[in-house]
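I have placed the structure first, in the form of structure tokens, so that the comments after it can refer back to it.
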Amino acid sequence: MTPVKQKFLAICGILTTALVWGLMWYPFRSLNQGGVSVATTSLVVYLVAIALGLITFFDVYRRQFRWQPVLLLLAAVFGWCNYSYTWAVSEGQVVRVLLLFYLSPLWTVFLSRLILKERLTGSGWLVVALSLLGSFIFIYRPGLFDGELPLSHRYEWLALSGGMAFALGNVLSRNARGIPVPVKSASIWFGVASIGAIKLALAGQLGGILEIPPQSWLVLGILGVTLLCTSVISQHGVSILPATQTMTLMLMELLFAAASAYLLAGEAMTSREWLGGALIASASLLSGRMSAKPVTAQLKQEAA
């Protein structure tokens, strides 16, 4: 396959991923409103992804899987990232959830400095400024300076914590470059399924899986297959395209989500929220150039 065709397929893969996640809120919300909780949906969908993933990548796991403690941490962090996101979009305003989630570059700045010892570039400081200004405009409302919490709904805190978890997971993943991508993906699937199982077990509802309506099983199965395929094609795209181009294409998720939320749920945002969202999206576009390598790493490269 020629490089041009490879790049075209990679772009199509990233856009497909953005489309899937921009529409994923609808089946999760529909299932939740139909009596299938987010915990149940997460458990079943990711069990389907695990089963199909083990079949599809069995040879890869057999040859490359090596247990490392960081996998448990990745499972917990990325598990909460995915679970909190789907929980948030199932009960809250879709685009608001996404924009709060897309504050993740701001948290990445601090975590990269703390864990990877990376220094901020000029673009990095611009990411911080745009994210802070955008989030202030986005969450501002009368009474904000009178002691009220900046976020008043549970789904907003879920989205915010999901973005923080996403940032931490990305930093930890970059720090564990020796682990193959399929192994990291499997740890995420196990993480989400485990959180769903724990939530159901604590509520005494684990047996409720057997009471899922037959028509819902079909939707759950389709979601599991879709998430598995999305994981594969997105990793293909990420491995070929530059990080900045990938982020630019992934921001199409906001447009897909906004259009679908308006058409399917009648959700609309104010001009102030769009302005704050535009600043947050701009910060995401610059996130690929926000940090520099540690000085010691640069010296080692120059010596080599």
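The values are calculated or read from the model by the stated rules, or taken from the named source; none is laboratory data. Keep in mind that this is a model prediction, so the values were computed, not measured. Note that each Cβ is placed from the backbone with ideal geometry, even for glycine, and that neighbours are counted across all protein chains shown. All accessible areas refer to the heavy atoms of the entire protein, side chains included, with ligands and DNA or RNA removed. Shrake-Rupley method; radii C 1.70, N 1.55, O 1.52, S 1.80 Å.
So here's what we get for this one:
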| read-out | value |
| --- | --- |
| Residue in region 199-206 that is open to solvent by 50 Å² or more (accessible area, probe 1.4 Å) and over 17 Å from Trp87 (Cβ atoms) present | yes |
| Which listed residue, of Gly53, Gly22, Gly79, is more than 27 Å from Trp157 (Cβ to Cβ) and either free of Cβ contacts under 8 Å to residues at least 12 places away in the same chain or open to solvent by less than 10 Å² (accessible area, probe 1.4 Å) (or both) | Gly53 |
| Among the candidates Val70, Val77, Val60, residue that is under 17 Å from the mean Cα position of the chain (by Cα), of a type in the set (A, V, I, L, M) and either farther than 12 Å from Phe166 by Cα or at pLDDT 90 or above (or both) | Val77 |
| Residues of region 205-239 classified as hydroxyl-bearing (Ser, Thr, Tyr) and within 16 Å of the chain's Cα centre (by Cα), total | 4 |
| Filter pass, Lys184 being over 24 Å from Val45 (Cβ atoms), basic (Lys, Arg) and more than 13 Å from the chain's Cα centre (by Cα) | no |
| Among the candidates Arg96, Arg113, Arg29, residue that is touching a residue at least 60 places away in the same chain (Cβ under 8 Å), among the charged types (D, E, K, R) and within 24 Å of Glu211 (Cβ to Cβ) | Arg29 |
| Close pairs from region 252-264: first assigned to a helix (DSSP H, G or I), partner open to solvent by 70 Å² or more (accessible area, probe 1.4 Å) and not hydrophobic (A, V, I, L, M, F, W, C), Cβ under 9 Å, at least 6 apart | Ser260/Tyr26; Ala261/Tyr26; Leu264/Tyr26 |
| Every residue from region 56-71 that is more than 18 Å from Arg177 (Cβ to Cβ) and touching a residue at least 60 places away in the same chain (Cβ under 8 Å) | Thr56, Phe57, Tyr61 |
| Filter pass, Val36 being among the aliphatic types (A, V, I, L, M) and not in a helix (DSSP H, G or I) | yes |
